[in-house]
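Note sheet for the following structure.
The values are calculated or read from the model by the stated rules, or taken from the named source; none is laboratory data. Since we're looking at a predicted model, the values are computed, not measured. FYI the Cβ positions are ideal-geometry reconstructions off the backbone, even for glycines, and counts take in every protein chain you see.
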Amino acid sequence: MNPEAQSIVELCAYAGGGIAMGLGAIGAAIGEGYTASQANIAVSRNAEDSGTIFKNMLVGQAVAESSSIFALVIAILLLFLDIGTASLLKAAALLGAGLCMGLGAIGSGIGSGFPGGQTCFGISRQPEAAPTLTTNMLIGSAVCQTPAIFAMVVALMLMFMDFGQAALNPTWAALIGAGLSTGLAAIGSGYGGGKAAGASCAGVARNPKAVGNVTTTMLVGQAVSQTPSIFGLLISFILIFKTFPETAALAPSMALLAAGLCTGFGGIGPGIGNGLVAEGAVRWVSRNQRAGGDLMRIMLVGQAVSQSTAIYAMVVSLVLIFVL
């Protein structure tokens, strides 16, 4: 075993583990803090139901914590993983795994805090609707975790797949780009999905009888909000599974790294924007169910336009991978 390659692999594994947990702690803490802040406001509004509010606060925080637990799992694996045959490609893959999971946990952690907080506040307004609000919160929060799960899947692929037969240059850039593509794109989708879920819980608290229409609109809005992270996942898969011819030129490596960055950064804004559109539609369905069809139509059109920039980013990434 090459001692120098072994040292570089260990360096990237340790750095990746620190990045995964360090970045992964950001979103969950913010989401949990938001949930707790709304729980305090709710208790000050209705102290008689403080027990129910407190229980829902803990449940909401537990779900928001999930993304950081994913990051912890990846971090522990990176720190104690049996590396096997050390290579520079393995080093790039492990660093990419840490970046992917760390970045991918941020949006889901923050997003999951919105339904938790709105549920606590909603219980102070409608104590009898607490079971319905809890169910709605769990559904919305679970969808928010999807981008973090995408990031964990890509991180595990980078850690455990065998890249021994691939060319070092430019594959090293493809592997890091794969981690950045899914990790960055997950930020917007996780946050945007949380805005829709938070509005759903607020809407159910305002009008519990509208829970069916509100939940349906929320899920549709969240589904569209997830698409930028799916684009990021697609580019990651291409970068991981495509075979690239070996070259001494630097340009092909930079093109592959740029492809991951393009779709990754390009997915943040559309994910958040789609969530904001869904938030507006979901919030008002509970107030005017008769306008539910119009709200759904306007939401989808608005999200489609917001989504276009993520598609542009994906197209540029595909050009960088297959044309240049």
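A few points about this structure:
- Here is the figure for the range 50-105: residues that are under 23 Å from Asn136 (Cβ atoms), among the aliphatic types (A, V, I, L, M), buried (at least 22 other Cβ atoms within 10 Å of the Cβ) and under 24 Å from the mean Cα position of the chain (by Cα) total 3.
- Residue under evaluation Arg283, criteria (1) exposed (fewer than 14 other Cβ atoms within 10 Å of the Cβ); (2) assigned to a helix (DSSP H, G or I); (3) touching a residue at least 40 places away in the same chain (Cβ under 8 Å), criterion not met: (1)
Yes/no matrix, rows are residues, columns are (1) at pLDDT below 95; (2) among the aliphatic types (A, V, I, L, M):
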position	(1), (2)
Arg125	yes, no
Ala130	yes, yes
Ala148	no, yes
Ala155	no, yes
Phe160	yes, no
Gly164	yes, no
Asn169	yes, no
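- Verdict on Gly264 being touching a Phe, Trp or Tyr at 6+ places or on another chain (Cβ under 7 Å) and surrounded by 20 or more Cβ atoms within 10 Å (Cβ to Cβ): no
- Selected residue (only one of Val211, Val220, Val319 is surrounded by fewer than 21 Cβ atoms within 10 Å (Cβ to Cβ) and without any contact (Cβ under 8 Å) to a residue 24 or more places away in the chain): Val319
- From the list Gly60, Gly16, the lone residue that is within 30 Å of Ala86 (Cβ to Cβ) and either out of contact with any Phe, Trp or Tyr (no Cβ under 7 Å at 6 or more places or on another chain) or assigned to a helix (DSSP H, G or I) (or both) is Gly16.
- In this structure, Leu81 does not qualify as touching a helix residue (DSSP H, G or I) at 6+ places or on another chain (Cβ under 6 Å) and in contact (Cβ under 8 Å) with a residue 24 or more places away in the chain.
- The set of residues in the range 143-198 that are aromatic (Phe, Trp, Tyr) and either more than 13 Å from the chain's Cα centre (by Cα) or surrounded by fewer than 24 Cβ atoms within 10 Å (Cβ to Cβ) (or both) comprises Phe160, Phe163, Trp172.
- Residue, nearest to the chain's Cα centre (by Cα), within the range 3-40, restricted to residues that are farther than 19 Å from Met137 by Cβ and among the charged types (D, E, K, R): Glu10
- Every residue from the range 113-153 that is in contact with a Phe, Trp or Tyr (Cβ under 9 Å, 6 or more places away or on another chain) and either of a type in the set (A, V, I, L, M) or farther than 17 Å from Ala64 by Cα (or both): Ala148, Ile149, Ala151, Met152
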